Amino acid sequence: MNHDTAEIAHAAARLVVEEGLDWGGAKRRAVRDLGLPARTPLPSNDEVEDAVRAYIALFCADTQPGELLALRRLALVWMERLAAFRPHLTGAVWYGTATRLSDIYLQLFCDDCKSAEIALIDHHVDYEPSTVTGFHGEPVEALTLGVPCPPLHTLVGIHLLIHDLDDLRGALRPDNRGRAPRGDAAALRQLLADNRAP
């Protein structure tokens, strides 16, 4: 990692932890904040993750574990509610880098892509629909909820990313660090029991 890339990674890590930015947005804003040219090469997500972990260890070691625990418990509640749609947790809450400003990302694998939305409507759950990029680069529907998290005294964004059931086949291949990129409710229960990252 060259000097500029390392500086961007560390600036992005601060934005991720302190302002709750997603990694892509944090990298782009870090370039602007540092006054670097727009075409400056960006650090990889792995480099940003390493910087986030270092930032948390240095500045948030006393608060982050409790915040992560609260978010994981909230994620499990919603995974149990949405069990019919084979929910899998991903993102910072799964990997253990989440703070109170982090959102929860649940990937649902459905026979019928409208079934999860219908279930929310049937249970009078308010949500905002949008389209995001899926883990294969394809557009997927996202349903975003604002859910109270009493231990953190805040509303937490929960993003339900709707995938076709067939996408589940390749979803559990290890990432480039050999880790599972997402986990089902049983895997999350194990993380909670072990109190660790995947």
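The values are calculated or read from the model by the stated rules, or taken from the named source; none is laboratory data. All of these numbers come straight from a predicted model, not from anything done at the bench. Every residue, glycine among them, receives a Cβ derived from its backbone with ideal geometry; neighbour counts consider all protein chains shown.
From 90, 99, grab the single residue that is in the same structural domain as residue 185 (by TED's automatic domain parsing) and under 22 Å from residue 172 (Cα atoms).
Result: 90 is the single residue among 90, 99 that is in the same structural domain as residue 185 (by TED's automatic domain parsing) and under 22 Å from residue 172 (Cα atoms).
Would you mind listing the helices (runs of 4 or more DSSP H) fully within the range 18-96 where at least 3 residues are farther than 29 Å from residue 145 by Cβ and among the aliphatic types (A, V, I, L, M)?
The qualifying helices (runs of 4 or more DSSP H) are 45-59.
Please find, among 137, 170, 157, 146, the residue that is small (Gly, Ala, Ser) and on the phi > 0 side of the Ramachandran plot.
Selected residue: 137, the only one of 137, 170, 157, 146 that is small (Gly, Ala, Ser) and on the phi > 0 side of the Ramachandran plot.
Could you list all residues from the range 17-44 that are without any contact (Cβ under 8 Å) to a residue 60 or more places away in the chain, under 21 Å from residue 67 (Cβ atoms) and not aromatic (Phe, Trp, Tyr)?
Those that are without any contact (Cβ under 8 Å) to a residue 60 or more places away in the chain, under 21 Å from residue 67 (Cβ atoms) and not aromatic (Phe, Trp, Tyr): 21, 22, 25, 26.
What pairs come up if the first residue lies in the range 152-180 and is farther than 22 Å from residue 45 by Cβ, the second is outside any loop (DSSP other than H, G, I, E, B) and of a type in the set (D, E, K, R), and their beta carbons are under 8 Å apart, counting only those six or more places apart or on different chains?
Listed pairs, sorted by first residue: 152/67; 162/117; 162/141.
Restricting attention to the range 153-189, which residues are among the small types (Gly, Ala, Ser) and out of contact with any Lys or Arg (no Cβ under 7 Å at 6 or more places or on another chain)?
157, 170, 178, 180, 183, 185, 186, 187
So how many residues does the range 133-146 have that are surrounded by 14 or more Cβ atoms within 10 Å (Cβ to Cβ) and closer than 17 Å to residue 117 by Cβ?
7
Return a yes/no flag: does the range 108-116 have any residue that is surrounded by 12 or more Cβ atoms within 10 Å (Cβ to Cβ), polar (S, T, N, Q) and not in a helix (DSSP H, G or I).
No: the range 108-116 contains no residue that is surrounded by 12 or more Cβ atoms within 10 Å (Cβ to Cβ), polar (S, T, N, Q) and not in a helix (DSSP H, G or I).
Is there a residue being surrounded by 19 or more Cβ atoms within 10 Å (Cβ to Cβ), closer than 28 Å to residue 174 by Cα and touching a His at 6+ places or on another chain (Cβ under 7 Å) anywhere in the range 39-55?
yes
Any chance the range 126-144 includes a residue that's in contact (Cβ under 8 Å) with a residue 60 or more places away in the chain and within 17 Å of the chain's Cα centre (by Cα)?
No, there is no match, as no residue in the range 126-144 is in contact (Cβ under 8 Å) with a residue 60 or more places away in the chain and within 17 Å of the chain's Cα centre (by Cα).
Report, ordered by the first and then the second residue, all pairs with beta carbons closer than 6 Å, sequence separation of six or more or different chains, a first member in the range 74-91 that is crowded, with 23+ Cβ neighbours inside 10 Å and modelled with pLDDT of 95 or more, and a second member that is in a strand (DSSP E or B) and of a type in the set (S, T, N, Q).
Short answer, once both residue conditions are applied: 88/107.
Looking at the range 19-44 only, could you name the residues that are within 18 Å of residue 104 (Cα to Cα) and modelled with pLDDT under 95?
Answer for the range 19-44, where residues must be within 18 Å of residue 104 (Cα to Cα) and modelled with pLDDT under 95: 19, 20, 21, 22, 23, 24, 25.
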